[in-house]
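Notes follow once the structure below has been shown.
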Amino acid sequence: MKPRIKPAEPPFPKEVQERLDALMPAGVPPLALFTMLARDKRLFSRFMASGLLDKGNVGLRHREIVIDRVTALCGSEYEWGVHVAFFGARVSLGEDQIYALVHGAAEDECWADEAEKTLIKICDGLQESCTLSDELWKTAREHFSEEAILEILMLAGFYRTVSYLTNTAALPLEPFAARFPETQ
């Protein structure tokens, strides 16, 4: 697949290179998404400032469930695959859960934890209507603080934007990234 927007080529501006070096594991080249955004230093820095990949109100596993579900719902195999490759094992997502994040539902047997089921329902509700019903809000508050819910909403919105970028720019899948599982 050929990208619609060609990524920037090294050498990158010093600030961009420093950020790329800090983001990527040793020996892994920068993601096509990052180098595409590096074409414009302002857009790159604004994007990097919005990532929410730091320690916050939502734990790493919950954060990854939100990111993976949103990017799967948006059809962004690029971003979904990067996150599953980098974080799936680290947050102990099983094969059945990885499959369910793309093709399943909150009620699937692989989701025994009520908070995780709620995260999936939140992502599904936002995708469907861009809001949460009163009932889902109440359920969310049983599991998460208001600050955590704000972060979940921001994560979902940010990764919907990321999906717009990766899908519309037709970024080629990263060679190391996971692929959407085939339907069973």
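Identify the single condition in (1) under 30 Å from Glu146 (Cα atoms); (2) assigned to a loop (DSSP other than H, G, I, E, B) that Arg39 does not satisfy, given that it satisfies every other one.
Here Arg39 clears every test but (1).
Being modelled with pLDDT of 95 or more, among the hydroxyl-bearing types (Ser, Thr, Tyr) and not in a helix (DSSP H, G or I) is true for just one of Thr166, Thr118, Thr131. Which residue is that? Steps first, answer last, please.
Numbers: Thr166 fails: not in a helix (DSSP H, G or I); Thr118 fails: not in a helix (DSSP H, G or I).
Criteria check complete, one pass: Thr131.
For the stretch 111-135, which positions are farther than 13 Å from Ile65 by Cα and crowded, with 17+ Cβ neighbours inside 10 Å?
Answer for the stretch 111-135, where residues must be farther than 13 Å from Ile65 by Cα and crowded, with 17+ Cβ neighbours inside 10 Å: Gly125, Leu126, Leu132.
Looking at Phe47 and the list (1) closer than 19 Å to Leu165 by Cβ; (2) touching a residue at least 12 places away in the same chain (Cβ under 8 Å); (3) part of a helix (DSSP H, G or I); (4) within 17 Å of the chain's Cα centre (by Cα), which single condition is not satisfied?
Condition not satisfied by Phe47: (2).
Of the residues Glu147, Glu116, Glu79, Glu151, which single one is in contact with a Gly (Cβ under 8 Å, 6 or more places away or on another chain), among the charged types (D, E, K, R) and closer than 21 Å to Asp54 by Cα?
Checking each option against the conditions leaves just Glu151.
The values are calculated or read from the model by the stated rules, or taken from the named source; none is laboratory data. Given the structure is predicted, the values throughout are model-derived calculations rather than measurements. Here Cβ is always computed from backbone atoms with ideal geometry, including for glycine, and neighbour counts include all displayed protein chains.
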